[in-house]
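*Asks:* Okay, handing you the structure first.
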Amino acid sequence: MSEVREISKIIACTTIGTHNLYTCPLNCRARIPLVFITNAGGNNTVTLKWYRKVQNLSFFIQGGKNLGLGESIQFSGAYIVLEPEDRLDVAITAVGIVDVLCTAEEIFTANKTRA
């Protein structure tokens, strides 16, 4: 029997560069039904990428979106399925505050423990 856990992750991106939002645990698949990005300080350019461990490559979900102060982006209505050690990364190009959250439904394989 599989174990299922629902969680939310949130990060505050306050430095220029790439920040890890969520990494799928070992022995697990994760369904991501919601990602919400909001710019809480200054103008910024935001990129959301999906790193696929099995391919050792990153793919753009949202590339170079300019967000003014108070603007946001919401990804919902469909979902992404991450495999073990896949991750969602967020990059910003200016100093400011960009908050990013996601919800995940983690499905752990039977007879395996969480990492």
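The values are calculated or read from the model by the stated rules, or taken from the named source; none is laboratory data. Quantities reported herein were computed from a predicted structural model and do not represent experimental measurements. Cβ sites come from the backbone with ideal geometry, for glycine too, and all protein chains shown count toward neighbours.
*Asks:* Would you say Thr47 is surrounded by 17 or more Cβ atoms within 10 Å (Cβ to Cβ), within 22 Å of Ala12 (Cα to Cα) and not basic (Lys, Arg)? Lay out the reasoning, then the answer.
*Replies:* Numbers: surrounded by 17 or more Cβ atoms within 10 Å (Cβ to Cβ): yes; within 22 Å of Ala12 (Cα to Cα): yes; not basic (Lys, Arg): yes.
Yes; evaluated as a whole, the condition is true for this residue.
*Asks:* So, in the stretch 1-22, how many residues would count as being closer than 17 Å to Tyr79 by Cβ and surrounded by 15 or more Cβ atoms within 10 Å (Cβ to Cβ)?
*Replies:* Within the stretch 1-22, residues that are closer than 17 Å to Tyr79 by Cβ and surrounded by 15 or more Cβ atoms within 10 Å (Cβ to Cβ) number 3.
*Asks:* Further, regarding this structure: All but one of (1) aliphatic (A, V, I, L, M); (2) touching a Pro at 6+ places or on another chain (Cβ under 8 Å); (3) modelled with pLDDT of 95 or more hold for Leu26, so report the exception by its number.
*Replies:* Status for Leu26: all satisfied but (3).
*Asks:* Hand me the list of strands (runs of 3 or more DSSP E) wholly inside the chain holding 3 or more residues that are of a type in the set (D, E, K, R) and touching a strand residue (DSSP E or B) at 6+ places or on another chain (Cβ under 6 Å).
*Replies:* Filter on the chain gives 3-13, 97-108.
*Asks:* If I ask for residues that are free of Cβ contacts under 8 Å to residues at least 60 places away in the same chain and of a type in the set (S, T, N, Q), which ones from the stretch 49-104 would you list?
*Replies:* Residues satisfying the conditions are Gln55, Asn56, Ser58, Gln62, Asn66, Ser72, Gln74, Ser76.
*Asks:* Now a separate question. Of the residues Leu67, Leu82, only one is buried (at least 17 other Cβ atoms within 10 Å of the Cβ), among the hydrophobic types (A, V, I, L, M, F, W, C) and over 21 Å from Glu106 (Cα atoms); which?
*Replies:* Working: Leu82 fails: over 21 Å from Glu106 (Cα atoms).
Of Leu67, Leu82, the one residue that is buried (at least 17 other Cβ atoms within 10 Å of the Cβ), among the hydrophobic types (A, V, I, L, M, F, W, C) and over 21 Å from Glu106 (Cα atoms) is Leu67.
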